[in-house]
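Below is one structure; the comments refer to it alone.
The values are calculated or read from the model by the stated rules, or taken from the named source; none is laboratory data. Small disclaimer: the values here were computed from a predicted structure and weren't measured. Note that we place each Cβ from the backbone using ideal geometry, even for glycine, and neighbour counts take in every protein chain shown. Remember, those area values only see protein heavy atoms, side chains included, never the ligands or the DNA or RNA. Shrake-Rupley method; radii C 1.70, N 1.55, O 1.52, S 1.80 Å.
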Amino acid sequence: VIVENRSGGGTTIGAKAVAAAAPDGYTLLVVGPNIAYYPVLFPNLDFDPAKALAPVATLVTWSHLIAVAPSVPANTIPELVRYVKANPGKLAFGFGLATMPHIIGETFKRAAGIDIIDVPYRGGEQARADLLGGRVHINIAPVPQLLQLIRDGKIRALAYTGPERSPDLPEVPTMAESGYPQVGFNPDVWMGVLAPADTPAAVIEKLNRDVNAVLKSDEIAPALKRFGYEAKITTPAEFETFFAAELRKWPPLLLATGFKAE
């Protein structure tokens, strides 16, 4: 397998390249739910992923932690909301621009009716560096990216956005338990494999079987767990149904939060 990173354009560059590739099963796209953001972020995009790409197999899913700097006087989400309402515009939320933490943060702010300053970054690592430096106060990220910082006492986890508590941090409540079931999308993020639209069904079936075999393997299954991922195993038909639902779900959610790429 040759990995060719086609970065830029909010993943549209890579997606368009695969959509235009020969439908022979040798050029595949690995992508997540941001492919469903295209109609909102890129209304003039010259291809439709629903028509140009064929679902092959899902890979993994994961959710996020909401964490704060030690200087923030809150140990729970309700305490954070009370503090922000008493001190509007005092705390800053650092996030990678046009990412799932960005969406979760905007959803939380609207659900709680709170005034937090947005500080967009090119990526989440830069936001976390400023969280440690005290320049921002709130960060949202997958468990593996925050776990050691939490264990070292450098930041404090307030809630997990998944449907159940994280096995790595069982003491941290979910957002639903914290009073905000709408914050978190159960799961927040998925990754899957897609092929050009006219790829033969037999090729897609074979690729699906091979991907699923890897996800179930003794080598990969425990490794995914270590990195905080849940394997998501589907048939092509199941992924097609899921993919269509994701394409319907995200545009109205993004519009409701006022989400913009820039």
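Once you list every other residue whose beta carbon is under 12 Å from the beta carbon of LEU29, what net charge do they have if Lys and Arg are +1 and Asp and Glu are -1?
Numbers: positive: ARG6, LYS16; negative: GLU4.
The answer is +1.
Which net charge results when you count Lys and Arg as +1 and Asp and Glu as -1 among the other residues whose beta-carbon is under 13 Å from that of GLU177? Show your work: numbers first, answer last.
Numbers: positive: ARG165; negative: GLU164, GLU171.
My count for the surroundings of GLU177 gives -1.
Of PRO181, PRO163, PRO252, which is the most mobile in a GNM of the chain whose springs link Cα atoms less than 10 angstrom apart?
Among PRO181, PRO163, PRO252, the largest mean-square fluctuation in the Gaussian network model of the chain belongs to PRO252.
Would you tally the net charge around ASN139, using a Cβ to Cβ cut-off of less than 10 Å, leaving ASN139 out, and scoring K and R as +1, D and E as -1? Present the calculation step by step, with values, prior to reporting the outcome.
Numbers: positive: ARG128; negative: ASP130.
Result for the local shell: 0.
Can you compute 3J(HN,Hα) from phi for each residue in the stretch 45-55, using the Karplus curve 6.51 cos²θ - 1.76 cosθ + 1.60 with θ = phi - 60°, rounded to whole Hz and x for Gly and Pro?
Running phi through 6.51 cos²θ - 1.76 cosθ + 1.60 with θ = phi - 60° gives 4, 9, 8, 10, x, 5, 9, 8, 10, 10, x Hz.
Pairs to check: LYS154/LYS216; LYS51/LYS232; LYS90/LYS225. Give those whose C-alpha atoms are more than 32 Å from each other in this structure. Could you put the intermediate results ahead of the total?
Details: LYS154/LYS216 35 Å; LYS51/LYS232 23 Å; LYS90/LYS225 37 Å.
Among LYS154/LYS216; LYS51/LYS232; LYS90/LYS225, the Cα-Cα distance tops 32 Å for LYS154/LYS216; LYS90/LYS225.
Relative to the longest principal Cα axis of the chain, at what angle does helix 236-257 sit, 0 to 90 degrees, rounded to 10?
Its long axis makes an angle of about 40 degrees.
Using only Cα atoms and rounding to the nearest 10 degrees, what angle (0 to 90) does helix 201-216 make with the longest principal axis of the chain?
That helix lies at roughly 40 degrees to the long axis.
If R0 is 41 Å, what FRET efficiency do you get for ALA201 and ARG151 from their C-beta distance, rounded to 0.05?
0.30
Give the accessible area for ASP168 in Å² (nearest 10); use a 1.4 Å probe, count only protein heavy atoms, and leave out ligands, DNA and RNA.
Near enough 60 Å² of accessible area.
On a 0 to 90 degree scale, rounded to 10, what angle separates helix 100-112 from the longest Cα axis of the chain?
On a 0 to 90 degree scale, this one is about 50.
Long-range amide H contacts for ALA57: which residues qualify at under 5 Å (H placed 1.01 Å from N, peptide plane, sequence gap of 5 or more or a different chain)?
The answer is VAL193.
Per-residue HN-Hα couplings for the stretch 152-157, Karplus 6.51 cos²θ - 1.76 cosθ + 1.60 at θ = phi - 60°, whole Hz, x for Gly and Pro?
Coupling constants for the stretch 152-157: 7, x, 7, 9, 10, 7 Hz.
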